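Notes to accompany the following structure.
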Amino acid sequence: MRRQRSLATVALVLAGACAAPEHASLEHVPPLIVHEPRPREFDVEHYDLALELLPRERAIRATCRIRLQPLVDALQHLTLDFAGATLESVRDGNGVELAFARVGDQLVLRLAAPLSRGDSAEVLLQYQGTPQAGLWYSGERDGLPTQVFTQGECAESRHWFPCVDRPDERATSVLRVTVPAHWTVLAAGERVDLQHLDAQRKLEVWSMSTPHPAYLTTLVAGEFALERAQFDGTPLEYAAAPEHRPRLASTFQETPAILQFLGALTGVRYPYAKYSQVCVDNFPFGGMENISATTLTDACIGDELFARDTSAVSLIAHEAAHQWFGNLLTCADWSHIWLNEGFATYCDLLYREASRGVDEFRAALRDTQDSYTAADVGAERRAHVCNLYREPFDLFTRGGQTYQGSASRLHLLRFVLGDAAFFRGIKRYVAEHRGRAVVTADLQRSMERASGVDLSRFFEQWFHRPGYPEFEVAWMWDAERRVVELRVDQLQASERGTPAAFEVPIEVELADAGGSRRERVLVSRRSQTFELAAPTKPDWVVFDAHGWVPKRLIQARDTEEWLALAARSDDVNVRRDALRALGETLADSTDEPLRWRIAEVILARFGDTSPAVRVAAAQALRRIHTPADHPLATALIDSATSDERAEVRVAALQCLALWPADPALARVAHEQFEARFSWATMGAAALLVASSEGADAGPWLREQLELASPRDVLVAQLCTALARSEATGASAALAALALDGRRHPEAREAALRTLTRLTRGGSRWTAQVAELLASTRSYRLRGAAIEFLSRVGDPVALQGLREHYPVAYDPRHRRAIEEALTGSSR
């Protein structure tokens, strides 16, 4: 090992160049500052990385050869991003040893001689160590890992190879990886060589000829089952742990259709030599769109009961969309990350529209909009283009702007331009910027060229300023003048940069016995009144028909209008809204004829073609408590026991669990648990058992905890029921589950989060949970332990958080600990 040499010149460079220091203590919390891209002094052309995996030690030995070209004259120093590992040597392409210095997670090299524009140079770095981030061993068996995966976004690749770890730096790469001979390897690009070194080891060489940012460089290796398919001549690979082999093909069966759809949407066929998707243990996110090789959580794959509860299609479509939006075109810096994630989120929705129909699309879009508007409030409010943050990953996890908010804005842009111009604009954007780093202005210009519309105000209002409109709407029919007077007020607080009045076109739907029509109005002031021709009084007036605008809306309606909307509207979300409102009226009204009219409309919606509406019909009865033989109860029970969709059954069972205890409902609950329709329906049935039988359900629930299910998913479902039962020892049972190392981390996480909700003040399990936080390798279990200790907040809990902070490499965990210890996460 060669000792680092300290140079005054290198130290001076580091003083100006180094990033935030490693997170050693709360004194080193990165500040909330404006991040400007640092100037580029050289361009990396190619990384050649030779990596030996050492699973037993959870370590690596590696060399990295970097080829680069100067972008300035007299380039004397190179600043690379590199963290954690021990450098053994640094040489240039001629073998000359180079002086270097390290501060935090940056490495500055002093070249043997200055370089000029047009020169080409190489540096070769040799290192070894145990990465603390970026490269993770997982899949424990008998104390040893059986898998390894990398995760580079946002700035984690520097933990396993030296690089320029920023999204606007694109380079080709070769990865030469030595692994156990029986392991499967998947990486970016194509495998170009395979050598069996001896009986225990093999060397695989993977080459990615498309330049890409360092954070998209990927390696997954381990004991995997592998299924192969193809899309239009392009090889497809699906991989997961061997126990998941029976479900691999069915989980990923829509991949070819998704790639076909995305190629048609963008005008660019899938652009890489192959596409692999591999599910790994203990992945910290849903998925990561590494170039040509997506990594996914193995929580997306399961048995037939699991498949009835959830589908991986949305996740698969989202990550596949990134192969275009994120990989082929990449945000130039993290302030424009919405260009990656907003497009991927909206592409998933567009694929649903094409493959599942307009009702499912609209329901999912509304859920996306609502998720965003619920998150983008208070201190979390910011513009979608934002360079003010502590760490780049904070932009992904707070406020809803990067994913749901951006997808909602793209949908609004589609409305403003019309389908033809909008989809033409997407193709133009991709064609004009493929292979490049992009900023929001690039998209604006492409859309303007495609549509001929000046979009300056739209982009300024919706992407460069924060917030969304909050409307209060009321209408009245003037019989004498035969017009509808529509009053629109914008209520949003004009603070933190939120516009006092948004300018946005709105489509208004009016309907009467003769049918419906739509008129477009331009809302542009804080308060406006519009007059719309109406020869007869409308049965309803819908503001923002089909929900194009991300917003909050207050619109008072009488019961007759809600009844008409629930019965006749063609909009799935209007029917959902109407059922929610009618459910409240049904519960509160003492007018029996009216209540029966409402009940009849709700009962009819149990037969709606949209599962989302059937869910809303079930939820409308949550406050209605009738005998089990009443028509409303019968409808709810029928929904719980016979609907073809698990989410509808779950909604019905959960609503019944809010009704008073009833032996008849308890029988339904036990029958549905034994029916084993899906894991979620079994969990909801157990909740109904708990609500019907109370503390007497405790022994039965603890008995069901011993039933086997993939990843202990049923145990996770039963935690809520155990808490609801209020049985003696429920908290102790939850604590035992959370601390039981034989259980799957997903079940332990569910148990600990449920225990957290039951905890008030101190807890007798605080020390054990603090020890769990210090010892577990599970991302999800760590997050649950941090939440528990933050909730308890006593000296033992806070000390556990304080001790964990220096090794908390997940930004989500760091923010949570900072908030618990300092009262602020921003």
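The values are calculated or read from the model by the stated rules, or taken from the named source; none is laboratory data. These numbers were taken from a predicted model, which means no experiment stands behind them. FYI the Cβ positions are ideal-geometry reconstructions off the backbone, even for glycines, and counts take in every protein chain you see. Areas reflect the complete protein model, heavy atoms only, side chains present, ligands, DNA and RNA absent. Shrake-Rupley method; radii C 1.70, N 1.55, O 1.52, S 1.80 Å.
Remarks
- Of the residues making up region 435-466, those that are among the basic types (K, R) and in contact with a helix residue (DSSP H, G or I) (Cβ under 9 Å, 6 or more places away or on another chain) are R436, R445, R449.
- Pairs linking a residue in region 512-534 that is closer than 18 Å to W477 by Cα and of a type in the set (D, E) to a residue that is open to solvent by 90 Å² or more (accessible area, probe 1.4 Å) and not in a strand (DSSP E or B), with Cβ atoms under 9 Å and 6 or more positions apart or on different chains, are D512/K537; E531/R481.
- Residues in region 757-767 that are surrounded by 21 or more Cβ atoms within 10 Å (Cβ to Cβ) and in a helix (DSSP H, G or I): T766 alone.
- Region 714-742: number of residues that are open to solvent by 40 Å² or more (accessible area, probe 1.4 Å) and within 28 Å of the chain's Cα centre (by Cα): 4
- Elements of type strands (runs of 3 or more DSSP E) contained in region 71-146, each with 2 or more residues being charged (D, E, K, R): 86-92
- Residue within region 436-449 that is part of a helix (DSSP H, G or I), within 24 Å of F530 (Cα to Cα), open to solvent by 10 Å² or more (accessible area, probe 1.4 Å) and not charged (D, E, K, R) present: no
- R166 meets the conditions (1) assigned to a strand (DSSP E or B); (2) open to solvent by 10 Å² or more (accessible area, probe 1.4 Å); (3) under 20 Å from L135 (Cβ atoms) in every case but one. The failed one is (1).
Okay, residues lined up against (1) buried (at least 18 other Cβ atoms within 10 Å of the Cβ); (2) of a type outside the set (S, T, N, Q); (3) out of contact with any Cys (no Cβ under 6 Å at 6 or more places or on another chain):
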residue: L49; (1), (2), (3): yes, yes, no
residue: L53; (1), (2), (3): yes, yes, yes
residue: P70; (1), (2), (3): yes, yes, yes
residue: D73; (1), (2), (3): no, yes, yes
residue: A83; (1), (2), (3): yes, yes, yes
residue: G93; (1), (2), (3): no, yes, yes
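- Listed by first and then second residue, the pairs with beta-carbon distance under 6 Å, at least 6 apart or on different chains, first residue in region 587-604 and farther than 14 Å from I624 by Cα, second open to solvent by 30 Å² or more (accessible area, probe 1.4 Å) and at pLDDT 95 or above, are V601/A567.
- Yes/no for G233 being closer than 30 Å to L80 by Cα, at pLDDT 95 or above, small (G, A, S) and over 24 Å from the mean Cα position of the chain (by Cα): no
- Residues (outside any strand (DSSP E or B), surrounded by 16 or more Cβ atoms within 10 Å (Cβ to Cβ) and either touching a helix residue (DSSP H, G or I) at 6+ places or on another chain (Cβ under 7 Å) or acidic (D, E) (or both)) located in region 467-497: Y468
- Residue in region 294-329 that is most open to solvent (accessible area, probe 1.4 Å), counting only those that are of a type in the set (A, V, I, L, M) and closer than 17 Å to D348 by Cα: L315
- Every pair of residues 6+ apart whose Cβ atoms lie under 7 Å, when the first sits in region 396-417 and is modelled with pLDDT of 95 or more while the second is open to solvent by 20 Å² or more (accessible area, probe 1.4 Å) and in a loop (DSSP other than H, G, I, E, B): Q401/R382; H411/W548; L412/W548; F415/W548; L417/V453
- Where D43 falls short, out of the listed (1) part of a strand (DSSP E or B); (2) more than 16 Å from D165 (Cβ to Cβ); (3) charged (D, E, K, R): (2)
- All positions within region 789-826 that are among the hydroxyl-bearing types (S, T, Y) and either farther than 20 Å from S775 by Cβ or free of Cβ contacts under 8 Å to residues at least 40 places away in the same chain (or both): S790, T822, S824, S825
- S335 meets each of the listed conditions (1) closer than 25 Å to L259 by Cα; (2) within 18 Å of the chain's Cα centre (by Cα) apart from (1).
- The lone exception for L656 - which of (1) open to solvent by 30 Å² or more (accessible area, probe 1.4 Å); (2) closer than 30 Å to T720 by Cβ; (3) modelled with pLDDT of 95 or more; (4) in contact with a helix residue (DSSP H, G or I) (Cβ under 9 Å, 6 or more places away or on another chain) it fails: (1)
- Within this structure, L259 fails the test of being farther than 20 Å from L53 by Cα, open to solvent by less than 50 Å² (accessible area, probe 1.4 Å), touching a residue at least 12 places away in the same chain (Cβ under 8 Å) and not in a helix (DSSP H, G or I).
- Annotation: of all residues in region 392-417 being part of a helix (DSSP H, G or I) and either of a type in the set (K, R) or at positive phi (or both), the one that is farthest from the chain's Cα centre (by Cα) is R414.
- Test for R65: is it in contact (Cβ under 8 Å) with a residue 40 or more places away in the chain, basic (K, R) and open to solvent by 30 Å² or more (accessible area, probe 1.4 Å): yes
- Number of the condition not met by E703 [criteria: (1) in contact (Cβ under 8 Å) with a residue 24 or more places away in the chain; (2) farther than 24 Å from A808 by Cβ; (3) among the acidic types (D, E)]: (1)
- In the condition set (1) free of Cβ contacts under 8 Å to residues at least 12 places away in the same chain; (2) open to solvent by less than 30 Å² (accessible area, probe 1.4 Å), P180 is compliant with all but (1).
- Just one of (1) part of a strand (DSSP E or B); (2) of a type in the set (A, V, I, L, M, F, W, C); (3) open to solvent by 40 Å² or more (accessible area, probe 1.4 Å) fails for A221. It is (3).
- For region 85-97, the criterion of being touching a residue at least 60 places away in the same chain (Cβ under 8 Å) and within 35 Å of the chain's Cα centre (by Cα) is satisfied by at least one residue.
- Selected residue (criterion: surrounded by the fewest Cβ atoms within 10 Å (Cβ to Cβ)) from residues of region 361-378 that are closer than 10 Å to N573 by Cα and not hydrophobic (A, V, I, L, M, F, W, C): D367
- Any hit, region 663-686, residues being of a type outside the set (D, E, K, R) and under 26 Å from L565 (Cα atoms): no
- Residues located in region 768-783, provided they are among the hydrophobic types (A, V, I, L, M, F, W, C) and open to solvent by 10 Å² or more (accessible area, probe 1.4 Å): A770, L772, A774
- Residue that is nearest to the chain's Cα centre (by Cα), among those in region 49-66 that are farther than 11 Å from C163 by Cα and among the charged types (D, E, K, R): R58
- Within the option set N340, N327, N290, being in contact (Cβ under 8 Å) with a residue 60 or more places away in the chain, in contact with a Gly (Cβ under 9 Å, 6 or more places away or on another chain) and not charged (D, E, K, R) holds for one residue only, N290.
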